[in-house]
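> Before anything else, here's the structure in question.
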Amino acid sequence: MKRKIYFLIAGCVITVAALAPIQGYFIYNTYKLYAKEANAKITQELLRLETTGELDTINHKWMRKTKQFMSDYTEGKVTRADYPRIMKGMSDSLSGEIQQCIAKDSALDNYNVTYTNYVTSALVCKDTTKPADTIFTGKMLLYGTNTQNVVESKASQSTWRDATKRLGIGAPESAFEVVTTRYYSIANWEKQVFARMSGLLIFSVLLLVFVVALFYLSIKNLITQKKIADIKTDFINNITHEFQTPLGALDIAVKTLQRKDNMLTEEQFGNSIAIIERQNRRMQKLFAQVTEASLTTGIETGQAQPISCEEVQDMISDFALSHPEITIECEMNATAIYMDKFHLGTIFANLLDNAVKYGADTIKIALSETDKETIITVSDNGMGIAEKEHKLIFDKFYRVEKGNIHTAKGLGLGLYYVKQIINAYKGIIRIESDKGRGSSFTISIPQA
C-alpha cells in the first residue's frame with residue numbers, strides 16, 4: 001500500500017511538473033501572438049495616418065524648406081552644415097503639430113504611442129556627369145513625440161526625389177534625393193498585451209491550482225483511508241489478543257466444573273467460580289471500553305459536582321489495593337474538583353492503569369488550583385512516550401506499541417476516552433514525556 005502511495009505521489013508530481021511548462025509555453029505563445037497583433041495594428045494605423053491631409057500639411061512644411069536649401073546649396077549660398085540647423089529650427093513646431101494629430105486618432109487611444117520621422121539620407125547632384133554630393137547621412141529628427149528616448153521600431157521608409165528650378169538664364173539646375181524613415185514605439189504595450197491576456201492568465205493559474213489541489217486532496221484522502229484501514233486491522237488484532245486470555249481461562253474453568261462431583265474438591269470449585277467471575281468482569285470491561293468510545297460524542301456534564309480531595313484519595317486508594325506492588329504518592333493542595341464523579345474516576349483509572357501497563361512502579365499524583373482552574377498532574381517512571389507520538393496517543397485505537405505482539409494489554413481507547421471527557425468539561429490535557437524517562441500528564445479543568 002505504501003508503494004502505491006509513493007507511486008501516486010511521484011506520478012502527481014511528474015504530472016504537475018509537466019503541466020506547468022506546457023501551460024507556460026502556451027501562455028508565452030499567446031503573449032507573442034498578441035504582441036504581434038498589437039504591433040501590426042499600430043503599424044497599419046500609422047501608415048494610414050501618413051496618408052491623411054494633416055500629415056501631408058506637416059510634411060509639406062519641411063519639404064519646402066528642404067527644396068529651398070537644395071536650390072541655395074546649388075548656387076553656393078549655403079553649406080552642408082546649414083541643413084541640420086535649418087531642420088532643427090522647424091523640429092519643435094512640427095513635433096507639436098504631429099502630437100495633436102496622433103491625439104485625435106481614436107484607434108491609438110489604448111496605446112501610449114510615439115511617432116518619429118527622421119531624415120536618414122540627403123543627396124544633391126549638380127552635374128549628372130559627376131558623383132552626387134552627400135548633404136547628410138545618419139539620423140536627423142524632423143518631428144516626433146518620443147520625448148523619453150524609448151526604444152523604437154521601424155514603421156516605414158520613403159524616398160523623395162525632386163529638382164531645383166532655374167531662377168534665370170544660365171542658373172544651375174540640380175536633382176536631389178531625401179530619404180526619410182518613420183519609427184514608432186509603444187510605451188506600455190506589455191501592459192496592454194497582459195490586459196488582453198488577463199482572462200487566460202487567471203484561468204491558467206486557477207486550472208493549475210485546481211489540479212494541484214485535486215492531487216493533494218486525493219493523496220490526503222488515500223493516506224487517511226490507509227490510516228483508517230490500519231487502525232481497524234490493529235484494533236481487530238488487539239481485541240482478538242485481549243479476548244484470548246479470558247476465553248482460555250473460562251474454557252479451563254468450565255471444563256473443571258464439568259468434572260464429576262466426587263472428583264472436584266471444595267477449593268477447586270471455589271477457584272473455578274472465582275476465575276469465571278474475574279474473566280467475566282474483564283470481558284465486561286473490554287466491552288464497556290468499546291461502548292464508551294462509541295458514545296464519547298455525547299458526554300453529559302450535567303451531573304458535575306464538587307469532589308473533595310478525600311473522595312479523590314478514596315478513588316486512588318481503591319486502585320492501590322488492587323496493585324500493592326505500585327508506590328503511589330499523593331499531594332492534595334486543592335479544595336475540590338468540579339466534575340461528575342464517574343468521569344473523574346474514569347480519568348484516574350485510565351491514567352493509572354496505563355502507567356502500570358507501561359512499566360511504572362512509582363506514580364505521583366498532585367492536585368492544585370488557581371483562581372480559574374483545578375490542575376491534576378499524574379506522573380510515573382515508566383517506559384515513556386516518544387515526542388513524535390505525543391499528538392497520536394489521544395487518537396481512537398492508537399497504541400504506542402503496534403503490530404500483533406503487545407507487552408501491554410488494552411485496546412487503545414483509554415486515553416482517547418480521557419481526552420473526550422476533558423474536552424466535554426472545556427479542559428486541557430498536556431503530556432510531557434520522552435522515551436525511557438517516564439510520563440507526566442497535566443489536566444486543567446475550569447472551576448465552576
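> For the stretch 70-109, name all the residues that are in contact with a strand residue (DSSP E or B) (Cβ under 8 Å, 6 or more places away or on another chain) and under 15 Å from Ser121 (Cα atoms).
Met70, Arg80, Tyr83, Pro84, Met87
> Still on this structure: Just the residues that are of a type in the set (S, T, N, Q), farther than 19 Å from Cys309 by Cβ and over 43 Å from the mean Cα position of the chain (by Cα), please, taken from the stretch 350-373.
Thr362
> Hey, another quick one. Take the conditions in contact with a helix residue (DSSP H, G or I) (Cβ under 8 Å, 6 or more places away or on another chain), modelled with pLDDT of 80 or more, over 25 Å from Thr57 (Cα atoms) and not assigned by TED's automatic domain parsing to the domain that holds Gln100 and apply them to Phe215. Does it pass?
On the way: in contact with a helix residue (DSSP H, G or I) (Cβ under 8 Å, 6 or more places away or on another chain): yes; modelled with pLDDT of 80 or more: yes; over 25 Å from Thr57 (Cα atoms): yes; not assigned by TED's automatic domain parsing to the domain that holds Gln100: yes.
In short, yes.
> Let me ask another. May I ask you to list pairs of residues, at least six apart or on different chains, whose Cβ atoms are under 6 Å apart, with the first in the stretch 195-224 being under 16 Å from Ile9 (Cα atoms) and in contact (Cβ under 8 Å) with a residue 24 or more places away in the chain and the second being surrounded by fewer than 10 Cβ atoms within 10 Å (Cβ to Cβ) and not hydroxyl-bearing (Ser, Thr, Tyr)?
Sorted first by the residue in the stretch 195-224, then by its partner, the list stays empty.
> Assess whether Leu8 counts as being touching a residue at least 24 places away in the same chain (Cβ under 8 Å), in contact with a strand residue (DSSP E or B) (Cβ under 9 Å, 6 or more places away or on another chain) and of a type outside the set (D, E, K, R). Talk me through it step by step, then tell me what you get.
Details: touching a residue at least 24 places away in the same chain (Cβ under 8 Å): yes; in contact with a strand residue (DSSP E or B) (Cβ under 9 Å, 6 or more places away or on another chain): no; of a type outside the set (D, E, K, R): yes.
No: the conditions fail for Leu8.
> Mind checking whether some residue in the stretch 54-63 is among the acidic types (Asp, Glu), in the same structural domain as Ala132 (by TED's automatic domain parsing) and under 18 Å from Thr159 (Cα atoms)?
The answer is yes; a qualifying residue exists.
> Something else about it: Of everything in the stretch 146-191, what is part of a strand (DSSP E or B) and modelled with pLDDT under 85? Give them in sequence order. Walk me through how you get there before you give the answer.
Taking the stretch 146-191 and keeping what is part of a strand (DSSP E or B), we get 153-163, 175-186.
Selection gives Ser153, Lys154, Ala155, Ser156, Tyr184, Ser185, Ile186.
Listed here are the residues, each with its yes/no results for (1) of a type in the set (A, V, I, L, M); (2) without any contact (Cβ under 8 Å) to a residue 12 or more places away in the chain; (3) farther than 19 Å from Ile443 by Cβ; (4) not assigned by TED's automatic domain parsing to the domain that holds Leu367.
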position: Asp318; (1), (2), (3), (4): no, yes, yes, no
position: Pro324; (1), (2), (3), (4): no, yes, yes, no
position: Ile328; (1), (2), (3), (4): yes, no, no, no
position: Met332; (1), (2), (3), (4): yes, no, no, no
position: Thr335; (1), (2), (3), (4): no, no, no, no
position: Lys341; (1), (2), (3), (4): no, no, no, no
position: Leu344; (1), (2), (3), (4): yes, no, no, no
position: Leu351; (1), (2), (3), (4): yes, no, no, no
position: Asn354; (1), (2), (3), (4): no, no, no, no
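> If Ile58 passes every condition in (1) surrounded by fewer than 16 Cβ atoms within 10 Å (Cβ to Cβ); (2) at pLDDT 75 or above; (3) within 19 Å of Thr181 (Cα to Cα); (4) not hydroxyl-bearing (Ser, Thr, Tyr) but one, which one does it miss?
Unmet condition: (1).
> A further question follows. Suppose we filter the stretch 75-87 for residues that are modelled with pLDDT under 90 and closer than 30 Å to Gln44 by Cα; how many remain?
Summing the residues that are modelled with pLDDT under 90 and closer than 30 Å to Gln44 by Cα in the stretch 75-87 gives 0.
> Can you tell me which residue is nearest to Tyr183 (Cα to Cα) among those in the stretch 14-46 that are surrounded by 12 or more Cβ atoms within 10 Å (Cβ to Cβ) and within 20 Å of the chain's Cα centre (by Cα)? Spell out how you get there, then give the answer.
The initial filter retains those residues of the stretch 14-46 that are surrounded by 12 or more Cβ atoms within 10 Å (Cβ to Cβ), namely 15-16, 19-20, 23-24, 26-27, 30-31, 33-35, 37-39, 41-46.
Still in the list and also within 20 Å of the chain's Cα centre (by Cα): 15-16, 19-20, 23-24.
Values: Thr15: 46, Val16: 44, Leu19: 40, Ala20: 38, Gln23: 35, Gly24: 32 Å.
Selected residue: Gly24.
> Step by step: first the residues of the stretch 62-98, then only those that are without any contact (Cβ under 8 Å) to a residue 40 or more places away in the chain and part of a loop (DSSP other than H, G, I, E, B), then the one that is farthest from Asp133 (Cα to Cα). Which residue is that?
Checking each candidate, the answer is Lys77.
The values are calculated or read from the model by the stated rules, or taken from the named source; none is laboratory data. Computed from a prediction, not measured in an experiment: that's the story for all the values here. Ideal geometry is used to build each Cβ from the backbone, glycine not excepted, and the neighbour counts take in all protein chains shown.
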